Structures are given as C-alpha cells and as structure tokens.
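Take a look at the structure below.
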Amino acid sequence: MDRNSRTTRAAVRAGSSIMPGKGNPVIAEVAHQVAFGDRHAVTTTGQVCPLQICVVPKPVEESMSLLKTIDTNPSFTPRESGPLPERLISGDPTYKTWAQDAARGETINTGVWEATPGETRSIKGEIFEFCHILSGVVEITPEGGEPVVYKAGDSFVMKPGFVGVWKTIETVRKIYLTVS
C-alpha cells in the first residue's frame, strides 16, 4: 500500500464463503456484510487482514424515510404569518404553518396549516395543492363560480391557475401537500 492510499484490502484469493471455487469477491462480500449487519464476519475478516471502511453519510433527503406520518397536532413551534395586504378582503386572519416534509429540492411540501377567520383572495399560480380539512369550516369560491363549503373530513385540490376567494368561517386546520 502506498502512503497516499486511504484503504487497505485483502489480496484477491480463490473462493469465498459466498462463492466457493469462483473468482474471489472478498471485498464485495465484506461490503455486503457491513451493509447488512454481519458484524462477526467483518470483525473476523478484519483480524485476518487489515481493513478500513469509510462510511459516508447520505444527503439528508436520501437518508429520510420514504414513509412520512403527518403529525396533525404538532408540538413544535409553527411559523406564524398573515395574508399579503393586497390579498386581504376582510377580517384579520392569522396563519400557522407546521412544515413537516419537503422533497425533490423542496418542490413538494407537506405539513399542517391553520387559519383564523377572515376572507382572502387565493391565487395558486403554478402551485398544485391538495388539502384535507382536519377541523373548522371554509368556503371557497372559484372566480366566476359558486361557493363550496369544506369542513372536517373533506378533501379537495386547487390546481395551478386557480383564482378565487378563501373564506375561513371557523378556525380551520388542514393537512396540505403542495407541488410547484
């Protein structure tokens, strides 16, 4: 091994415990044992032949579970905000957002959102949003359309290009999923 090398590995030998009589996969075998938790075999191999394994952590997005449970009553502090002044129609609504997951470079977001009573102009632009109402009551009126009331247990989608009025009648809490 030269002084610039970062690893030490076994010489290639004929056969192994996983492929007797075949070309030696000793290095691949040890990698498999490390990945799948056969610590005894790795320890034994390391005693026979010096072995250094460098573990490189995955990026945060890759290391997170591919199954995410949305906490509908989160205990962490939400981000608090309000409507943009140019979108406020009536009332003095306040918003709380408990962002819980982001994926694909933060183009997909999900969490829980809450609004107090008030009326605002809703403009989705290029954003697709799925909503599931957990509590409260809202009335959504698409531009040029009829009002639709949603309450606890209801789900709906606002597609890119949606424009209308969002009226929170009773403080509303929803699970959201946005895609931009």
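The values are calculated or read from the model by the stated rules, or taken from the named source; none is laboratory data. Remember, predicted model here, so these are calculated numbers, not experimental data. Cβ sites come from the backbone with ideal geometry, for glycine too, and all protein chains shown count toward neighbours. When the accessible area is computed, the model is the full protein with side chains, heavy atoms only, and any ligands, DNA or RNA have been set aside. Shrake-Rupley method; radii C 1.70, N 1.55, O 1.52, S 1.80 Å.
Here are the numbers:
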item: Lone qualifier among ILE127, ILE123, ILE169 - being closer than 21 Å to ILE70 by Cβ and not aromatic (Phe, Trp, Tyr); result: ILE127
item: Subset of the range 160-178 [hydroxyl-bearing (Ser, Thr, Tyr) and within 21 Å of the chain's Cα centre (by Cα)]; result: TYR176, THR178
item: Boolean, ARG121 is modelled with pLDDT of 95 or more and of a type in the set (Lys, Arg); result: yes
item: Some residue of the range 140-150 being touching a Pro at 6+ places or on another chain (Cβ under 7 Å), open to solvent by less than 40 Å² (accessible area, probe 1.4 Å) and polar (S, T, N, Q); result: yes
item: Any chance VAL112 is of a type in the set (A, V, I, L, M) and farther than 24 Å from PHE76 by Cβ; result: no
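Yes or no, residue by residue, for (1) open to solvent by 50 Å² or more (accessible area, probe 1.4 Å); (2) within 19 Å of LEU84 (Cα to Cα); (3) out of contact with any Cys (no Cβ under 8 Å at 6 or more places or on another chain):
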{"position": "VAL112", "(1), (2), (3)": "no, no, yes"}
{"position": "THR120", "(1), (2), (3)": "no, yes, yes"}
{"position": "GLU126", "(1), (2), (3)": "yes, yes, yes"}
{"position": "VAL138", "(1), (2), (3)": "no, yes, yes"}
{"position": "LYS159", "(1), (2), (3)": "yes, no, yes"}
{"position": "TRP166", "(1), (2), (3)": "no, yes, yes"}
{"position": "TYR176", "(1), (2), (3)": "no, no, no"}
